[in-house]
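So the structure is just underneath, and the comments pick up after that.
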């Protein structure tokens, strides 16, 4: 989306349909890839991407401590998704406004 203005400047044409479709496709691919990749990584360490349970932690002195924990996606992830949806919505409304 950051380089989408280059065809507009070089070719003096607007490619709204292609850019909107590419943005939606890219957003879906990134969310799916991130979710799949992080779930695979989390399966190795804690068992799942989101959850709660008791984790055994080995301390530097060799003893094991059992800690209750909960984990999942943080505020930063949801803010990134909100920002992407806001940018996508702005592009679609700009396209609809210029089309009418």
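The values are calculated or read from the model by the stated rules, or taken from the named source; none is laboratory data. Please read all numbers here as calculations on a predicted model, not as lab measurements. Virtual Cβ from ideal backbone geometry, glycine too; neighbours counted across all protein chains shown.
Only residues in region 15-37 that are free of Cβ contacts under 8 Å to residues at least 60 places away in the same chain and on the phi < 0 side of the Ramachandran plot count as the first member; pair them with residues that are in a helix (DSSP H, G or I) and surrounded by 13 or more Cβ atoms within 10 Å (Cβ to Cβ), Cβ under 7 angstrom, at least 6 apart or cross-chain, and list the lot.
15/7
Every residue, every condition in (1) surrounded by 12 or more Cβ atoms within 10 Å (Cβ to Cβ); (2) touching a strand residue (DSSP E or B) at 6+ places or on another chain (Cβ under 7 Å); (3) closer than 18 Å to residue 27 by Cα, yes or no:
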position: 44; (1), (2), (3): no, no, no
position: 47; (1), (2), (3): no, no, no
position: 54; (1), (2), (3): no, yes, no
position: 63; (1), (2), (3): no, no, no
position: 67; (1), (2), (3): no, yes, no
position: 73; (1), (2), (3): yes, no, yes
position: 77; (1), (2), (3): yes, no, yes
position: 90; (1), (2), (3): no, no, yes
position: 96; (1), (2), (3): no, no, no
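Can you tell me which of (1) part of a loop (DSSP other than H, G, I, E, B); (2) modelled with pLDDT of 85 or more; (3) surrounded by 10 or more Cβ atoms within 10 Å (Cβ to Cβ) is the one residue 33 doesn't meet?
All conditions are met except number (1).
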